[in-house]
Amino acid sequence: MDAPEILTEIIKRRKTEKVMCEAGSSINVAADIDKRNQIIVRDAVETAGWAPFHYNRGLDDIAEPWRAHVLWQDELIKLEDYFRNELKVTNKELDLIAGCNALVLVTWLPEFYSEPCRENSSRSREYQISRDEEHLAATAAMVQNLLLLLTAHDMGTYWSSGFKLREPAVLETLGIATEERFIAALFIEYPEANNDNAIRKAGNQRGNRSDKWIREVST
Ligand SMILES: Cc1cc2nc3c(=O)[nH]c(=O)nc-3n(C[C@H](O)[C@H](O)[C@H](O)COP(=O)(O)O)c2cc1C
């Protein structure tokens, strides 16, 4: 296959896989497999950051408008414990945490989200909104890059809105700054996970695709 064919194949192969395991049974792949996959995921996150972004966000001397917070196996076990014992979560959120091998929480950094920031700026409200929209759009491009790279490595992925993970108390526990806005909880399953007892669900919109949204302009 040539490069366009490979890229097309990966884009179409990517699909949502919600992997749910019984809480308390967090997948533990062997340490060497875990280590190898951590390197792949870490590299993929870095490469995903080659997504386009329009403005230098400039927070903490970082131009990119996004942040990625990565949780490996040990932290996932602690997270599951925190959800179960402190937040008293009993639903599928626990099973999703138990069913993944790594979790990447992606946030973006609006500039004009808070009222003081809006009011202290000389920019029009229209400009403020479009600038923030472009920070968000760039972050979504970064997330899709990451999904494609992980798919190319035969990893299972699920982009979730984050349910309880996006709640302020959880973000604080995970050391995520309050000015960050949550966009994705990306659940990752390693190819070697061998997770036979897991319940797997597809994305709700998977079968709803068409090409009717394309319009070739002729005036
Ligand atoms: C911004 C965003 C948020 C999403 N949040 C959720 C979610 O909270 N729960 C869920 O079941 N799927 C979520 N999804 C995944 C979609 O349901 C999924 O992409 C869609 O059903 C199409 O399926 P596919 O990814 O297999 O093509 C989200 C996708 C995006 C882009």
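Listing for the model above:
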quantity: Test result for V106, within 16 Å of the ligand (Cβ to nearest atom), at pLDDT 95 or above, touching a helix residue (DSSP H, G or I) at 6+ places or on another chain (Cβ under 6 Å) and under 30 Å from E86 (Cα atoms); calculated: yes
quantity: Residue count for the stretch 11-32, restricted to those that are surrounded by fewer than 15 Cβ atoms within 10 Å (Cβ to Cβ) and not acidic (D, E); calculated: 9
quantity: Single residue of D61, D95 found to be over 29 Å from A193 (Cα atoms) and either modelled with pLDDT of 95 or more or of a type in the set (D, E) (or both); calculated: D61
quantity: Filter result (at positive phi and more than 12 Å from the chain's Cα centre (by Cα)) within the stretch 145-174; calculated: D154, F163
quantity: Condition check for Y55: within 26 Å of A193 (Cβ to Cβ) and either in a loop (DSSP other than H, G, I, E, B) or of a type in the set (F, W, Y) (or both); calculated: no
quantity: Candidates L150, L165 - the one that is in contact with a Leu (Cβ under 7 Å, 6 or more places away or on another chain) and within 16 Å of the ligand (Cβ to nearest atom); calculated: L165
quantity: Which listed residue, of F83, F112, is in a helix (DSSP H, G or I) and not acidic (D, E); calculated: F83
quantity: Matching entry among D2, D81, D74, D61 (being away from the ligand (no atom under 16 Å from the Cβ), farther than 18 Å from S160 by Cα, surrounded by 12 or more Cβ atoms within 10 Å (Cβ to Cβ) and free of Cβ contacts under 8 Å to residues at least 60 places away in the same chain); calculated: D81
quantity: The listed residue being within 15 Å of the ligand (Cβ to nearest atom), assigned to a helix (DSSP H, G or I), under 27 Å from F53 (Cβ atoms) and not charged (D, E, K, R), out of A185, A138; calculated: A138
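The values are calculated or read from the model by the stated rules, or taken from the named source; none is laboratory data. Being a predicted model, the structure only gives us computed values, none of them experimental. Heads up, the Cβs are rebuilt from the backbone with ideal geometry, glycines too, and the neighbour counts pull from every protein chain shown.
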